[in-house]
Amino acid sequence: MLGKLFKTVTVAAVLANTGYTCTIDGTEGIVPENNLKIPASAKANANLDEATFNSVIDKVSEIYAPIFSQLGATLKVNRNWDDGTVNAYASRSGSEWNIHMFGGLARHEAVTPDGFALVVCHELGHHIGGAPKKGGWWSNWATNEGQADYFATLKCLRRSFRGEDHNAVLSKMQVPKMVVDTCAEQWTSEEDQLICQRGAMAGHSTAKLFQALRRQTTPPKFDTPDPAVVTTTDHSHPDTQCRLDTYYQGALCQVDELSDVDQDDETVGVCNRDSGDTSGVRPLCWFAPTASL
C-alpha cells in the first residue's frame, strides 16, 4: 500500500530534488512571515511544555519514520524548543527529509497539544501529502499548503490519535454541537466520531493561531465557511476561515486513513465531488478540481 504514494514518480527522481517548501529561516512556513518571538522563558502556554512538545513529535514521527524509510528517505525532525520562532516548515536535502518545529509556535496561547500535532502533520504532509503540488523548480516535490492542511486531518492525525483516550482529551475542550452532530452523521463508530471531533478542534486551534498572527478581528467558525470559489488552485496559504474549513472537511471525509493519497492524481485516497461526496471534500476557497472532476 505504501508504495502507491509514489505510483507514477520514481523514488530516485524525487530524491534528486533538494529545497525548502518555504524559506530556510522559517519566516514562511505553516504561517506567512511574522516577527513574533515567544522565548522559552515566556512560558506563555501552560498546556504545552517541552515534554509535551517532544511527546507529540515522538508519537507522529514513530508512525511516519518507517513510511519515509520505505520511500527511500530518512525523516529528520529538528526540535527547536528554545527558538522563539512562531512557525514551522519542511525541507529536503537529498534523501534527508526534514521538518523543523519551533518552541515559539508551541508556546503560543492558541496552540493546544492537538493543534501542535496538526502542525507536525502539516509539515509531514508537505513531503507525502499528495497532489496538488506547489510546483516550481525549487519545491516541485512539495505538497501545497491547502493539501498539507487536508492531509493533516484526513490521514495523519487519525493515525496518531487512534487508540488514545479521546474522552479525556475532549473533556478539556468546548466542542460546538455542530461539530459533535456532524461527526456523528459521518462516522458510525464512537472512536471515529471522537477522532473527528479532535481533528476539527485541532484545526480550530491552528486557525485561531492564524487569526492572531494576521491580527484579524473576525474569528474562524465552523458554521461560517468561506464562500470564495477559486478558478485555479491556490498553492499559497489560504485565508484563515478557508484553512479551518479544510481541516474540518478532512476530519469529516470517510475515506480510510490507510488509503494512500497519490503524488500525481489528486483524486486518489480523498473525498471527491465526482464520486458524489458532499462532505469531506476540499473547499473551493483554495481547491479548483481538474476538468475531469
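When you look at V60, is it in a helix (DSSP H, G or I) and under 19 Å from N87 (Cβ atoms), yes or no?
Working: in a helix (DSSP H, G or I): yes; under 19 Å from N87 (Cβ atoms): yes.
Yes; evaluated as a whole, the condition is true for this residue.
Out of F222, F210, F151, report the one residue that is on the phi < 0 side of the Ramachandran plot, touching a residue at least 40 places away in the same chain (Cβ under 8 Å) and not in a helix (DSSP H, G or I).
Working: F210 fails: not in a helix (DSSP H, G or I); F151 fails: not in a helix (DSSP H, G or I).
The unique qualifying residue is F222.
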For Y248, all conditions in the list (1) surrounded by fewer than 21 Cβ atoms within 10 Å (Cβ to Cβ); (2) modelled with pLDDT of 95 or more; (3) not aliphatic (A, V, I, L, M) hold save one; what is the number of the exception?
(1)
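Being within 15 Å of the chain's Cα centre (by Cα), of a type outside the set (D, E) and more than 11 Å from L154 (Cα to Cα) narrows it down to one of T232, T290, T240, T267, so name that one. If you could, list the steps in order and put the result at the bottom.
On the way: T232 fails: within 15 Å of the chain's Cα centre (by Cα); T290 fails: within 15 Å of the chain's Cα centre (by Cα); T267 fails: within 15 Å of the chain's Cα centre (by Cα).
None of the other options fit; the residue is T240.
Only residues that are of a type in the set (A, V, I, L, M), crowded, with 19+ Cβ neighbours inside 10 Å and in contact (Cβ under 8 Å) with a residue 40 or more places away in the chain: list them for the stretch 251-283, please.
Correct list: A251, L252, V261, V270.
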Here is a list of conditions, (1) in a loop (DSSP other than H, G, I, E, B); (2) more than 21 Å from I67 (Cβ to Cβ), and G163 meets all of them except one; can you say which number that is?
(2)
Can you name the residue in the stretch 22-45 that is modelled with pLDDT of 70 or more and of a type in the set (A, V, I, L, M, F, W, C) and is also nearest to T240 (Cα to Cα) among such residues?
V31
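Quick one: count up the residues across the stretch 59-75 that are charged (D, E, K, R) and either crowded, with 16+ Cβ neighbours inside 10 Å or touching a Ser or Thr at 6+ places or on another chain (Cβ under 8 Å) (or both).
Here is the first cut: in the stretch 59-75, the residues charged (D, E, K, R) are 59, 62.
Filter once more, so that each one left must be either crowded, with 16+ Cβ neighbours inside 10 Å or touching a Ser or Thr at 6+ places or on another chain (Cβ under 8 Å) (or both): 59.
So the answer is 1.
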Please find, among N78, N47, the residue that is outside any helix (DSSP H, G or I), touching a His at 6+ places or on another chain (Cβ under 6 Å) and at negative phi.
N78
Evaluate the following for S41: is it buried (at least 17 other Cβ atoms within 10 Å of the Cβ) and of a type outside the set (A, V, I, L, M)?
no
Does the stretch 162-182 contain at least one residue that is at pLDDT 95 or above, under 20 Å from S61 (Cα atoms) and aliphatic (A, V, I, L, M)?
no
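Please find, within the stretch 179-213, the residue that is farthest from L118 (Cα to Cα) out of those that are hydroxyl-bearing (S, T, Y) and in contact with a Ser or Thr (Cβ under 8 Å, 6 or more places away or on another chain).
Of all residues in the stretch 179-213, those hydroxyl-bearing (S, T, Y) come to 182, 188-189, 205-206.
Then drop every residue that is not in contact with a Ser or Thr (Cβ under 8 Å, 6 or more places away or on another chain), which leaves 182, 205.
Working: T182: 20, S205: 9 Å.
Step by step, filter the stretch 179-213, then rank; the result is T182.
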Among (1) more than 16 Å from V281 (Cα to Cα); (2) in a helix (DSSP H, G or I), where does Y247 come up short?
(1)
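Could you grab me the full set of residues in the stretch 81-96 that are surrounded by fewer than 24 Cβ atoms within 10 Å (Cβ to Cβ) and in a strand (DSSP E or B)?
Those that are surrounded by fewer than 24 Cβ atoms within 10 Å (Cβ to Cβ) and in a strand (DSSP E or B): T85, R92, S93, E96.
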Listed residues T182, T153, T143; which is farther than 19 Å from D234 by Cβ and of a type outside the set (F, W, Y)?
T182
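The values are calculated or read from the model by the stated rules, or taken from the named source; none is laboratory data. This structure is a prediction, so every number in the text was calculated from the model and none was measured. In this analysis, Cβ positions are derived from the backbone assuming ideal geometry, glycine residues included, and neighbour counts consider all displayed protein chains.
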